[in-house]
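Take a look at the structure below.
The values are calculated or read from the model by the stated rules, or taken from the named source; none is laboratory data. The structure displayed is predicted, hence computed values, not measured ones. Counting neighbours? That spans all protein chains shown, and the Cβs are built from the backbone with ideal geometry, glycine included. To get the accessible areas, we keep the full protein, side chains included, count just its heavy atoms, and leave off ligands, DNA and RNA. Shrake-Rupley method; radii C 1.70, N 1.55, O 1.52, S 1.80 Å.
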Amino acid sequence: MTTSFLNRACHHVLAASLLSIPFALAAQTTSPQQEADWRRANDAVGALKRGHADVLKWEQANTVASTTAPGGTTGMAIPTAEAAVRMAWAVHRDLARALARLGPRNEQLIAEGRWTELDPSLQRRVEDAGEVLEVAAAGRKAWIEAVAAQQVLKHQRDMLEASQAAYELGQRMVTVGNWSKLQLSPVQLAASNARMNLRRAQQAAAQAQANLVKTMGQTGLQEGFLLPDQLPAIPAQPLTATDLQKRADAVRNQLPDAESLRNRALSKAAMNVYWAAHALAQDSQGDILKTREFITEETVLHYNGMLKSVWDLLDEVRNQSQATVDAIGAQRDFWLAEADLQWVLQGGEPDSFVSLGGAGGDAPAAAAH
């Protein structure tokens, strides 16, 4: 998923002309005294180091230290889930013998997450194979959660910037008498919500990094890891019920009766979560995100044609960012569900399954117009 269009719309359209249109339109409908006030406000903005663009940057004068994320994480890079699995294995030196017994091909299949291609009798034949799989699952899931949390943090910053831009504009309109404080209130609440959501995203990203550090056995050695910008794309089609059931039956034939019964229930639950997660991810990244992008494109066109206000455009910037955050959460949930399913189909027993609750953050309040 990308935000290239959003970046172009915000940075080129907004930074270049966002303030000039509201000021010009307001001057056309105000008294001579109000027009003079608008001109003084406009001149004050023009005196800033980067002109009108500075008003769109909340950090120029109003950033609260606690809401500003620290510099980029430095440390060892973990570019893929496979790399995370192998790093997690390296921490457990007692698994070296089991990995050797599994052989290079099985080791590669497990590291790449292709567990359905493994021999169903693997755990029965190879001592400690279950621990190898458990560590692999933990490493994969910790990496997925950390990458997703990092993605969400970026877009929460985008939403804060758009909300603060609207608030800055609203404050100036109140100053020159074209808005009341009541009209400013919803915009102020939207900015406050964006700040709270950013703090939540920062905490979630920090916790995910801490969990990844712990899972990789680097506590005290690394503060965090360099991660890719986004999660892998979800597959176009999920695994079919026929294939999964065939695999589940083959694994249960290798398990003792009591374990086989537990695995039957776990398999059914894991499959249902997996299919639901895939459908949600497809919807959020397909129709919803594409429709939101279309609305954003049309909003920019109407804005440029003076048919939409600056508030409409800023609202849509926040809406697009929120849709992207939700899509990231759905994508994360799918990969977590997929990891749990593959583990269950090897006889594993996850503590719980992903709840499919989304990426978090309340939808921003609509600005007053």
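Where helices (runs of 4 or more DSSP H) fall wholly inside the stretch 257-369, the ranges with 2 or more residues that are modelled with pLDDT under 90 and among the β-branched types (Val, Ile, Thr) are 289-304, 310-344. In a residue-by-residue description of the stretch 148-158, the property of being assigned to a helix (DSSP H, G or I), over 21 Å from the mean Cα position of the chain (by Cα), at pLDDT 90 or above and surrounded by 19 or more Cβ atoms within 10 Å (Cβ to Cβ) applies to no position.
Conditions (1) outside any helix (DSSP H, G or I); (2) under 21 Å from residue 146 (Cα atoms); (3) in contact (Cβ under 8 Å) with a residue 40 or more places away in the chain, marked per residue:
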| position | (1), (2), (3) |
| --- | --- |
| 169 | no, no, yes |
| 177 | yes, no, yes |
| 184 | no, no, yes |
| 187 | no, no, yes |
| 190 | no, no, yes |
| 199 | no, yes, yes |
| 207 | no, yes, yes |
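For residue 82, the conditions (1) modelled with pLDDT of 95 or more; (2) open to solvent by 60 Å² or more (accessible area, probe 1.4 Å); (3) not hydrophobic (A, V, I, L, M, F, W, C) are fulfilled apart from (2). Among the residues of the stretch 114-145, those identified as at pLDDT below 95 and either of a type in the set (Ser, Thr, Tyr) or open to solvent by less than 60 Å² (accessible area, probe 1.4 Å) (or both) are 115, 116, 118, 120, 121, 122, 126, 129, 130.
Number of residues in the stretch 283-296 that are surrounded by 15 or more Cβ atoms within 10 Å (Cβ to Cβ) and not β-branched (Val, Ile, Thr): the value is 5. With respect to (1) under 20 Å from residue 228 (Cβ atoms); (2) part of a helix (DSSP H, G or I); (3) open to solvent by 70 Å² or more (accessible area, probe 1.4 Å), the lone exception for residue 101 is condition (1). Report, by residue number, each residue of the stretch 210-245 that is open to solvent by less than 20 Å² (accessible area, probe 1.4 Å) and either touching a residue at least 40 places away in the same chain (Cβ under 8 Å) or basic (Lys, Arg) (or both). Passing the criteria: 212, 216, 224, 225, 231, 244. Kindly indicate the residue of the stretch 246-282 that is closer than 16 Å to residue 121 by Cα, in contact (Cβ under 8 Å) with a residue 40 or more places away in the chain and among the polar types (S, T, N, Q) and also least open to solvent (accessible area, probe 1.4 Å) among those meeting that condition. This residue is 263.
Residue count for the stretch 303-317 under the criterion of being open to solvent by 50 Å² or more (accessible area, probe 1.4 Å) and in contact with a Leu (Cβ under 9 Å, 6 or more places away or on another chain): the result is 3. Among the residues making up the stretch 159-201, those that are within 17 Å of residue 316 (Cα to Cα), of a type in the set (A, V, I, L, M) and either open to solvent by 50 Å² or more (accessible area, probe 1.4 Å) or over 18 Å from the mean Cα position of the chain (by Cα) (or both) are 165, 166, 169, 187, 189, 190, 191.
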